[in-house]
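Visitor: I have a structure I would like to understand better, so I am pasting it below and will then ask my questions one at a time.
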């Protein structure tokens, strides 16, 4: 084939590819970003930089992008109302791709760019950088962490978390199991590093209501192509409930489909990020999610959650549905802003840290209406109770239908 | 071993791996090149079809046509703009082109993520009917689709390869490119057709499998490895060899987790690979050479 013919053919195929690209991008036409209403009082001047480690290209990309949406909205809200100490907030976003080996470089990059605080959303990236955070006195919020030891074991003077811990999750689900009479519970989980760590903790924590432990425990790789085998093994154990711990995504959509097909009458519960992944719900077979009970900490019966969802809808459109991941990004920024404002300076890391430890009764945008966060020198887990966890249930259309009427943990 | 649902899963998963392996074999036989981007082709087709349907609100069958054409075009571009020029510049050596194609593998995956998003999407359903209970197992639309596609693809490729002039040319070029060139065969055109045909097979496989459990941009590498292993295990001595390789892989992926534990699924695939790399690198079916 001559050079001219190759070029001619290449030109034709590039044209076809452009059609594909334009068609794919066509979905975004007409969905241009809207602005928040009201005056824009964003100050000029030297910005105050806050950093975030978000996995936007690795295995957690599907829900980390929602965290970014929450952070961006919070920064816009803060800037439009006048910034912090009359200075604009600016985000420095880095990506460790959920790889602990990349975390030190990620946090070093943030520090080199002058951040005064950081949101460490990639939980598995925190342990390798605890010493760095301590040495640099970098106020860091491990926003997705549910492990108390992460933020309470030295070095952790500048490290905090927001969410109720694994102990609270076990308490809530034990309450659910007791309410429904489930005593033979099977556990299923994926092999994501954070999930494996959580499951290690849950094995002991759930002994408070399951003295003999789980009747079956199975796992599958996050990229598993088939779930027939682990689901069949769980079915062989004849459980009266199944608890799945997973980062969600197609893993959970497919596994729930397999459970619904093999064990349609066995109640299912889930811990993880699936509740905030409407795109993943559509991957499950029709009706496969019906009856699944999940922790869905964002409920519009909390007026703050409802208000934040309306604010999001001004920017993201009327179809926007708020998820925990959006709120964690939003509230993390607001907590940092609160600390800097109380400290009166963005240049003294110890002052910012002391101010952070004075935050009491902060009302976050997730959990039940009376859920609050408080921090002290000896309390680095912000959650004041387990009522930050709200149980919700899926319906036959594979969508969340609201709070689970059977049981909720009291504040 | 008596759970019929497990065996249906072995067949379904095995046929998918086999189809990916067939795509590898077609391009290998037709060009002598191991095109590692087979997995991303499969992913891109499935993601493009569902992405165009959902995000661009394209009519579903038009979106399918665009997705299939796009993948075939990408496959053609791989040969014309990556493999052929690099092989020419490196004096016929395959290694630089292999490295370039490995880089392209990641490029296609990340490009698909940029175009269609990084959230998982549901696969489009070609067949829609409630699962049919047969002998204690549920026969799903995705199983029927994948199994049918496997029969058509393997049968079709074998028929074309053995009964048509184009098929004979494909085999001749794959066996010995220079000899084929001397004999006057249009080597470059045959190579291009091989790439495009393998892209089409991979695209159809990806679309069929995505109807089972959805699709996301990061599945391309995983599928590339599985298809490659299907060829390693099955060998290259028969057009049906990748199917056997795929079924053996499917057996490992389903039965090992059932009898030993779900966390050993990946290890089962690894052990399969090590056994065949170490003991039978030519695979189960080898090309017979007359003495």
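Visitor: Being away from every other protein chain (no Cβ under 12 Å) and free of Cβ contacts under 8 Å to residues at least 12 places away in the same chain is the filter here, so list the residues in the range B:96-131 that pass it.
Guide: Matches in the range B:96-131: B:96, B:99, B:103, B:107.
Visitor: So, one more: Can residue B:6 be described as surrounded by fewer than 24 Cβ atoms within 10 Å (Cβ to Cβ), more than 10 Å from chain A (Cβ to nearest Cβ), touching a residue at least 12 places away in the same chain (Cβ under 8 Å) and in a helix (DSSP H, G or I)?
Guide: In short, no.
Visitor: Within the group B:71, B:82, which residue is within 10 Å of chain A (Cβ to nearest Cβ), touching a residue at least 12 places away in the same chain (Cβ under 8 Å) and not in a loop (DSSP other than H, G, I, E, B)?
Guide: Going through B:71, B:82 in turn, the sole match is B:71.
Visitor: So which residues in the range B:137-164 are part of a loop (DSSP other than H, G, I, E, B) and away from chain A (no Cβ under 11 Å), if there are any at all?
Guide: The answer is B:164, and nothing else.
Visitor: If you take the residues in the range A:259-280 that are crowded, with 24+ Cβ neighbours inside 10 Å and facing another protein chain (nearest Cβ under 9 Å), which one is farthest from residue A:391 (Cα to Cα)?
Guide: A:280
Visitor: Out of all the residues in the range B:181-188, is one or more surrounded by fewer than 20 Cβ atoms within 10 Å (Cβ to Cβ), part of a helix (DSSP H, G or I) and more than 14 Å from every other protein chain (Cβ to nearest Cβ)?
Guide: Yes, the conditions are met somewhere in the range B:181-188.
Visitor: Return the pair list, or none, for Cβ contacts closer than 6 Å from residues in the range A:218-232 that are without any contact (Cβ under 8 Å) to a residue 40 or more places away in the chain to residues that are in a loop (DSSP other than H, G, I, E, B), at least 6 apart or on different chains.
Guide: What qualifies is A:219/A:191; A:221/A:191; A:232/B:3.
Visitor: Where in the range A:117-220 are there strands (runs of 3 or more DSSP E), lying fully within it, with 3 or more residues that are under 30 Å from residue A:93 (Cα atoms)?
Guide: A:117-120, A:139-142, A:159-161
Visitor: Same structure again: All but one of (1) facing chain B (nearest Cβ under 9 Å); (2) crowded, with 23+ Cβ neighbours inside 10 Å; (3) not in a loop (DSSP other than H, G, I, E, B) hold for residue A:233; which doesn't?
Guide: Answer for residue A:233: the failing condition is (2).
Visitor: Pick out, from the range B:197-291, the helices (runs of 4 or more DSSP H) lying fully within it that include 1 or more residues that are at pLDDT below 85 and either facing another protein chain (nearest Cβ under 10 Å) or more than 30 Å from residue B:69 (Cβ to Cβ) (or both). Talk me through it step by step, then tell me what you get.
Guide: Working: elements: B:220-234, B:241-259, B:265-279.
Qualifying helices (runs of 4 or more DSSP H): B:265-279.
Visitor: For the condition in contact with a helix residue (DSSP H, G or I) (Cβ under 6 Å, 6 or more places away or on another chain) and closer than 17 Å to residue B:213 by Cβ, what is the one hit in A:216, A:220, A:235?
Guide: A:220
Visitor: Name the residue, out of A:323, A:339, that is in contact with a strand residue (DSSP E or B) (Cβ under 7 Å, 6 or more places away or on another chain) and in contact (Cβ under 8 Å) with a residue 60 or more places away in the chain.
Guide: The conditions single out A:339.
Visitor: In the range A:244-254, how many residues are more than 7 Å from chain B (Cβ to nearest Cβ) and touching a helix residue (DSSP H, G or I) at 6+ places or on another chain (Cβ under 7 Å)?
Guide: Final tally of qualifying residues: 6.
Visitor: Could you please tell me which pairs satisfy a Cβ distance under 6 Å, a separation of 6+ or placement on different chains, a first residue in the range A:278-300 that is free of Cβ contacts under 8 Å to residues at least 24 places away in the same chain, and a second residue that is surrounded by fewer than 23 Cβ atoms within 10 Å (Cβ to Cβ) and not in a loop (DSSP other than H, G, I, E, B)?
Guide: That search, which allows pairs on different chains as well, returns A:300/A:306.
Visitor: When the range A:176-213 is examined, which residues are found to be surrounded by fewer than 20 Cβ atoms within 10 Å (Cβ to Cβ), touching a helix residue (DSSP H, G or I) at 6+ places or on another chain (Cβ under 8 Å), over 22 Å from residue A:123 (Cβ atoms) and touching a residue at least 40 places away in the same chain (Cβ under 8 Å)?
Guide: Correct list: A:183 only.
Visitor: Give me the residue from the range B:32-56 that is farther than 15 Å from residue B:218 by Cβ and away from chain A (no Cβ under 14 Å) and, out of that set, surrounded by the most Cβ atoms within 10 Å (Cβ to Cβ).
Guide: It comes out as B:38.
Visitor: For the condition surrounded by 22 or more Cβ atoms within 10 Å (Cβ to Cβ) and either farther than 22 Å from residue A:108 by Cα or touching a residue at least 24 places away in the same chain (Cβ under 8 Å) (or both), what is the one hit in A:67, A:77?
Guide: Only one candidate passes the filter, namely A:67.
The values are calculated or read from the model by the stated rules, or taken from the named source; none is laboratory data. In this text the structure is predicted, and so the values were computed from the model without any measurement. Note that each Cβ is placed from the backbone with ideal geometry, even for glycine, and that neighbours are counted across all protein chains shown.
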